[in-house]
Amino acid sequence: MMEEIKAMLREVFLTKNEMTFPVSGTGSAGMEFCFVNLIEPGDEVVIGVNGVFGTRMADVATRCGARVTKVEAEWGRIIEPAQITEAITGKTPKLVAIVHAETSTGALTPVEEISQIVHDAGALLLLDTVTSLGGCPVRLDDWAVDAVYSGTQKCLSCPPGLSPVSLSPRAMEVVKERGGGVQSWYLDVNLLANYWGDGARVYHHTAPISMAYALHEALRLVLEEGLENRWVRHESNHQALRAGLDQLGLGIASQEGHQLWQLNAVTVPEGIDEAMVRSSLLNDDGIEIGPGLGPLAGKVWRVGLMGHSCQEKNVGAFLGAMKGLMAGAAVD
Ligand SMILES: Cc1ncc(COP(=O)(O)O)c(C=O)c1O
């Protein structure tokens, strides 16, 4: 079953990387896994920060002793390739990290051009695909991504508790050439490979086997639907949501042309009590949406259409409930 999980993860990540398996722990464990294995104290790292999770990556990299350069964009906007070029000019970063789908803002940063710039500079590219995997195209090998982590509880529609990761042969070379050992015993890829590799299954830590069964089934369902069909479903429900929001006079806050299908940051109109709307949706309609975070707190609602929950009937239920709430607010 472990071999099947690895094979299905390769299909979903669109990669041939041998080192592809689920790390025990949620998406943040996958984030730490990538940094602790690839970074040694003093290494230069460039990180795109356009929301909560880029901020978290910078924190994790700093804790690994990296010298971190942050490439910042306003929350809701993408990291532009030109910003990466500017940040690495005159430097020799070991690694550049970006968040593909920023769940805190609803922005999808395109990867290909950035990947080219990063590789021309001789650096590794690390990508956070926690919210993108299974909901929109993620093409590890085509985009030459060297290190990636994801989560199970977003568009894979599995309980939280594992973090699918993948390291390219180039990234594995960097791990092998490290001067010092990996400072985390739990997340050391060399030790984990003895268990998850196709060899002896050497005990490392007790595997969360119920999660492995859950991920196996979730991946089976993703592949049964078909990756591309799943992307199309996410895109069409996003378009239906956008059209319905438009009729209610509501818009999406994240950068036009780079809006996530699976996470919609809806602008809260002037004079509306955003928390009241969320609690009415939850208590009266059984619909839970997220608040804005950081600079977007109070300014957006975050409407998830991820994996199994990305359905036409859910879009309709949300729009119907919002129509009532907006009409009530207008009367008040
Ligand atoms: C883009 C992104 N990265 C990382 C994480 C962290 O994952 P977790 O909360 O599963 O540890 C999340 C969680 O929402 C996320 O959306």
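Using only side-chain charges placed at the Cβ, +1 for Lys and Arg and -1 for Asp and Glu, the dipole size of the chain relative to its Cα centre rounds to 420 debye. Charge tally for Gly226 (other residues, Cβ to Cβ under 13 Å; Lys, Arg +1; Asp, Glu -1): -1. Extension gain for Glu228 to Asn283 (0.36 nm times residue separation, less C-alpha to C-alpha distance): 16.3 nm. Across the cross-link table entries Lys154/Lys313; Lys6/Lys154; Lys154/Lys323; Lys16/Lys70; Lys299/Lys323, which are compared at the Cα atoms, the separations over 22 Å belong to Lys154/Lys323; Lys16/Lys70. For the chain, the membrane-span-like helix rule (DSSP H, alpha carbon extent of at least 27 Å along the helix axis, mean Kyte-Doolittle at least -0.5) picks out 312-331; this says nothing about an actual membrane. Distance between the 7 Å Cα→Cβ label points at Ala240 and Glu112: 2.9 nm. Taking Arg67, Arg170 and ordering them by how much accessible surface each has at a 1.4 Å probe, largest first, produces Arg67, Arg170. Simple point charges give the picture: +1 on the Cβ of Lys and Arg, -1 on the Cβ of Asp and Glu, and for segment 39-141 a dipole about the Cα centre of about 240 debye. Based on DSSP H segments of at least four residues, each scored -39500 (n - 2.57), the chain has a per-residue ellipticity at 222 nm of -13000 deg cm²/dmol. Taking every alpha-carbon pair under 8 Å whose residues sit at least 6 apart, the chain reaches a relative contact order of 19 percent. In plain terms, the chain from Arg139 to Arg63 could stretch by 24.4 nm, reckoned as 0.36 nm per residue minus the Cα-Cα distance.
Peptides 148-156, 251-259, 284-292 ordered by packing proxy, namely the average of other Cβ atoms within 10 Å per residue, highest first: 148-156, 251-259, 284-292. The label-point distance for Trp185 and His258, in a model that sets each label 7 Å from Cα toward Cβ, rounds to 4.3 nm.
Among Ala243, Ala212, Ala200, which one shows the highest mean-square fluctuation when the chain is modelled as a Gaussian network with alpha-carbon springs under 10 Å? The residue with the greatest mean-square fluctuation here is Ala200. Hydrodynamic radius of the chain by the Kirkwood approach over all distinct alpha-carbon pairs: 20.5 Å.
Computed over protein heavy atoms with a 1.4 Å probe, the accessible surface of the chain works out to 43 Å² per residue.
Using a cutoff of 8 angstrom between alpha carbon atoms and counting only pairs six or more residues apart, the relative contact order for segment 28-85 works out to 37 percent. Short-range pairs are left out: with C-alpha atoms under 8 Å and at least six residues apart, the relative contact order of segment 140-291 is 13 percent. Summing Lys and Arg as +1 and Asp and Glu as -1 over all other residues whose Cβ lies under 13 Å from the Cβ of Phe318 gives a net charge of +1. Electrostatic bookkeeping for Gly181 treats Lys and Arg as +1 and Asp and Glu as -1; over the other residues with beta carbon under 11 Å from its beta carbon, the sum is -1.
The values are calculated or read from the model by the stated rules, or taken from the named source; none is laboratory data. None of these values were measured; they are calculated from a predicted model. Virtual Cβ from ideal backbone geometry, glycine too; neighbours counted across all protein chains shown. What goes into the accessible areas is simple: the full protein's heavy atoms, side chains included, and nothing from ligands, DNA or RNA. Shrake-Rupley method; radii C 1.70, N 1.55, O 1.52, S 1.80 Å.
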